[in-house]
Amino acid sequence: MNVTVFGIGYVGLVQAAVLADVGHHVMCVDVDNTKVENLKKGIIPIYEPGLTPIVEENHKGGRLEFTTDSQKGIAHGAIQFIAVGTPPDEDGSADLQYVLAVTESIASHMESPKIIVNKSTVPVGTADKVRNKVGEVLQKRDVNIEFDVVSNPEFLKEGSAVNDCQRPDRIVVGTDSSNVAETMRELYAPFNRNHDRMIVMDVRSAELTKYAANCMLATKISFMNEMSNLAEKLGADIEAVRQGIGSDTRIGYQFIYPGCGFGGSCFPKDVQALIRTADSIGYDAEILKSVEAVNHRQKEKLFEKISSHYDGELKGKTFALWGLSFKPNTDDMREAPSRVLIEALWDAGANVLAYDPEAMKECQRIYGQRDDLTLMGTMEAALQEADALIIVTEWQHFKALDFDLIKESLSAPVIFDGRNQFEPELMVKKGIAYYSIGRK
């Protein structure tokens, strides 16, 4: 099938590459000429395990194209994916200007029937806005061309997005047309062979499903962080509590790991956007507001522990910080807990020696050159002459450490662990002052 994807950011590029990999002819359209030219050369703008070889192979095979020519893209695909960004507006609601701009472009240049697929995370009712926009433009052009608008939200996890695309848990398709549903079933047939993963529903339900899924997961994280704070006050161990409740199959172990807050491009933005949607219809989304408030507070937790340890005297201190990305296996620092902590340390007059396996360039892009930030080439180099080690992201190679080397390198044996990587009893035996989240 001929498919066009508008927006070759995180969602658009992964989806396009995986569709091309099963034989579809996919044309990606983006306004960023540098990004397009780099992709033609095999330079991938994001870090995502397994993505680069798929992009390179399918581009060489002619199944995956990149262009800035929107008219060429519109002419190419009977299916037009919209996968552009929906950044938070000033009030936290999703900004639809890029979605509607692509919509207008498609409507202005389409000469044959199109299925327009919203892949971007958009508020309930966006498909109606897209449908109305296309209708208005076609009416101005004085042409009558058939089109359908579909909601097909993505459920990708950064760090495993390629696998999530290739082996999806579910494929949600929002449409009232049985013919369109069959076309989408044909498109996704290569990923739907073992058992039927496609769930067809009305458009508004599909739009809400995406927000509900992310907000449910965010709720689990904030709930567990709330419990960790209670555990600290009550003298309980949140790790024991986690195992105790996770063994209940109704709860499960996923997303109940306490820590220093959640970040990324999805959870914080989607919680906020759904709160604003609720506000717009006069509904007070109390649970969602609490999820957001707990997360904001949790991101300050590590700094509070650090400040308490040093009795508020942080000026001139130097901290080794491991982990800049909001989670492992990505270079994404959007809404990352590391940013809240680093900026708080700077405000207190401290210096940061930071290391991350993938997010160093992104950190440099965000903060530029600063006297109080040094990006170190290795995790060991970050330790040299630092006053303490702070672990913010649970990268795999932060999990089995040489504690003797850490003690030798630091000016004092102190670790602040925002991801509960180690047992407090072991740290006591090693002679390390160890601060974690909700542990005894």
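The values are calculated or read from the model by the stated rules, or taken from the named source; none is laboratory data. As the structure is a prediction and not an experimental result, all values here were calculated from the model. Using ideal geometry, Cβ is built from the backbone for each residue, glycine included, and neighbour counts are taken over all protein chains shown. When the accessible area is computed, the model is the full protein with side chains, heavy atoms only, and any ligands, DNA or RNA have been set aside. Shrake-Rupley method; radii C 1.70, N 1.55, O 1.52, S 1.80 Å.
The 3J(HN,Hα) values that the Karplus relation (6.51, -1.76, 1.60; θ = phi - 60°) gives for region 348-353 are, in residue order, 8, x, 8, 10, 10, 9 Hz. Gly and Pro appear as x. Working note: Cα atoms of region 289-433, range along each principal axis, descending, whole Å: 40, 35, 32. Restricting the calculation to Cα atoms, the chain shows an Rg/Rh of 1.01 when the hydrodynamic-style radius is the Kirkwood one. Summary of packing: across the peptides 3-12, 303-312, 331-340, the per-residue average of other C-beta atoms within 10 Å ranks them, highest first, as 3-12, 331-340, 303-312. Mind jotting down the distance between the C-alpha centroids of region 387-423 and region 146-209, whole Å? Cα centres, region 146-209 to region 387-423: 42 Å.
Pairs exceeding 24 Å between alpha-carbon atoms, taken from 317/407; 72/157; 119/157; 210/233; 269/289: 72/157; 210/233. Note on region 185-290: the C-alpha convex hull projects to 9.6 nm² when averaged across all orientations. From its DSSP helices (H runs of at least four residues, each -39,500 (n - 2.57)), the chain gives a residue-normalised ellipticity at 222 nm of -13500 deg cm²/dmol.
In the assembled protein chains, residue 407 presents an accessible area of approximately 80 Å² (probe radius 1.4 Å). In units of the compact-protein estimate 2.2 N^0.38 Å, region 1-139 shows a Cα radius of gyration of 1.03. In the chain, the portion of solvent-accessible area held by carbon and sulfur atoms comes to 48 percent [1.4 Å probe, whole percent, DNA, RNA and ligands not counted]. Accessible surface comparison of 63, 365, probe 1.4 Å, protein chains only, largest first: the order is 365, 63.
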